[in-house]
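> Right, I'll just put the structure down here and ask away after.
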Amino acid sequence: MSETKDLPQDSTLSRRAMVGGVAAVGIAASTPAAEAATPAGPALVDPRGKYPKPPFDKQEQPWPGLARDMRPRPDHGEQSYKGSGRLRGRKALVTGGDSGMGRAAAIAFAREGADVAINYLPAEEADAREVIDLIRREGRKGVALPGDLRDEAFCTKLVADAAAQLGGLDILVNNAARQQTKPTIGDISSEDFDATMKTNIYAPFWITKAAVPRMPPGSAIIMTTSEQAYDPSKDLVDYAMTKAANMSFAKSMAKQLAEKGIRVNGVAPGPIWTPLQVSGGATQEKLQKFGGDTPLGRPGQPVELAGIYVQLAENAGSYATGQVYGAAGGSGQP
Ligand code: NAD
Ligand code: MG
C-alpha cells in the first residue's frame, strides 16, 4: 500500500504528513540537515523527499479525470504558492486550468496579481470551481469558460469571451491536452488520432490565431509541451507527435511574433502527478512506479512548475522567446 493522504501543502510540512506519511512519502525534512534554516530564509527542503514517491496505488478514472479524486491529491500550490506582484494587472487565459499544470499556473498567476480565465471540459466543473474560488480569494477576477476545444467555433469564442470578461488579454497558456496510452499503432483508431490532434494541435492553433490580434506588445504565449517531444514513449505515439508539434509551434511563432513584441515559449514537464495520467494516460503498471525512474526518484507535482509559467509570462523574462524550459526530475530534455 502506498500513501493515500493529501499531500503536504506547504514547504513546512504539515504535522499530519509528518506523523502519517513519513514511510511512504519519504519525508527528508524530518532530518536535522534538511530542516536547517538558512540565515535569511525558509528551511532548505530536500527535493528527493519533498513529495510522495512510488509505489502508488492503482487507480483509474474515466477521461478526463478529476484531481480531487486522485490518491494522493496533487499539490497545485493551493497552500504553498506565495506571490509577490510579479503579474500585477495582467490578464491571462489558461486552457486546462482546472487541474494539473494549468491549475498550478492559474493559482500562481492570481497570487502574482493577474486576472485569470480558465477553460476546461464541463465534466471537470468540480475541479474548476475550486480554482475559480482560489483566484477570487486573491481578490482577482476568475472567469470560468467551459467547453470542448476540439471545435474551432468554440475556440474562437473562448478567446473573445475571455478578452471581453477580463477587459483584454496579455497572457495565453495553451496547456489542455489529450493523452491515452495504446500498446501498438494498430490500437490507435482514426477517432483516437483525430481527437488527440484536434485537442493538442488544432486547438492551440485556433486559439492563438484568435488571440494574437488582441495581444499588445509585452504579451506572452506559453505552450505546455513535454519531454515526450524529444524522447517519445512507444505507447504514446500520437500524443508524443503533438508535443513535438507544440515545441515547434512555440519556436516558429516566437520568430513570427517578435516584431509584435509578443514572446512565445514552452514548458516541457517530465512525469507529473496529474489526472491525465490516471484517466488512460498511463498503464496501471506505469502508474504504480510513476516517476520512480527519474534521478530524483519520484514524479513532480504541478506546483513545482508554477514558477516557470510565471517567469515566462512576466516582464522580467523579456529576453526569453522561442525557448523551452524543462522540469523533469533530472531526466528528459530539454
Ligand atoms: P490535466 O488532466 O490536469 O490537464 C489536461 C487538461 O486538458 C484537462 O484538465 C482538460 O481540462 C483539458 N482538456 C483535455 N481535452 C480537452 C478538450 N477536448 N476540451 C477542453 N479541454 C480539454 O493533466 P496535465 O498533466 O496537467 O496536462 C497539462 C499539460 O501538461 C498537457 O499539455 C500535457 O501534455 C502536459 N504534460 C503533462 C505531463 C504529465 O506527466 N502529467 C508531462 C508532460 C507534459
Ligand atoms: Mg482536468
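A short reminder: the numbers here are calculations on the coordinates, not readings from a lab. This is a predicted model, so every value here is computed, not measured. Methodologically, a virtual Cβ is constructed for each residue, glycine included, from the backbone with ideal geometry; neighbour enumeration extends over all protein chains shown.
> Test of understanding: among I135, I118, which residue is within 15 Å of ligand 2 (Cβ to nearest atom) and in contact (Cβ under 8 Å) with a residue 24 or more places away in the chain?
The match here is I118.
> While we're here: Name every residue in the stretch 158-207 that is in a loop (DSSP other than H, G, I, E, B) and more than 16 Å from ligand 2 (Cβ to nearest atom), in order of residue number.
The answer is G167, G168, L169, D170, T181, K182, P183, T184, I188, S189.
> Now, a different point. Of the numbered conditions (1) more than 12 Å from ligand 1 (Cβ to nearest atom); (2) surrounded by fewer than 24 Cβ atoms within 10 Å (Cβ to Cβ); (3) part of a helix (DSSP H, G or I), F109 fails exactly one; give the number of that condition.
(2)
> Still on this structure, I have one more. Within the stretch 269-284, is even one residue free of Cβ contacts under 8 Å to residues at least 40 places away in the same chain and more than 20 Å from K182 (Cα to Cα)?
Within the stretch 269-284 (the criterion being free of Cβ contacts under 8 Å to residues at least 40 places away in the same chain and more than 20 Å from K182 (Cα to Cα)), the answer is no, since none of the residues qualifies.
> Would you mention how many residues in the stretch 88-104 are assigned to a loop (DSSP other than H, G, I, E, B) and in contact with a Lys or Arg (Cβ under 9 Å, 6 or more places away or on another chain)?
Qualifying residue count for the region: 4.
> With the checklist (1) charged (D, E, K, R); (2) touching a strand residue (DSSP E or B) at 6+ places or on another chain (Cβ under 7 Å); (3) not in a helix (DSSP H, G or I) in hand, flag the one item E304 doesn't pass.
Condition not satisfied by E304: (3).
> Okay, next question. Identify all residues within the stretch 64-89 that are more than 14 Å from ligand 1 (Cβ to nearest atom) and buried (at least 24 other Cβ atoms within 10 Å of the Cβ); write none if there are none.
Within the stretch 64-89, just L87 meets the criteria.
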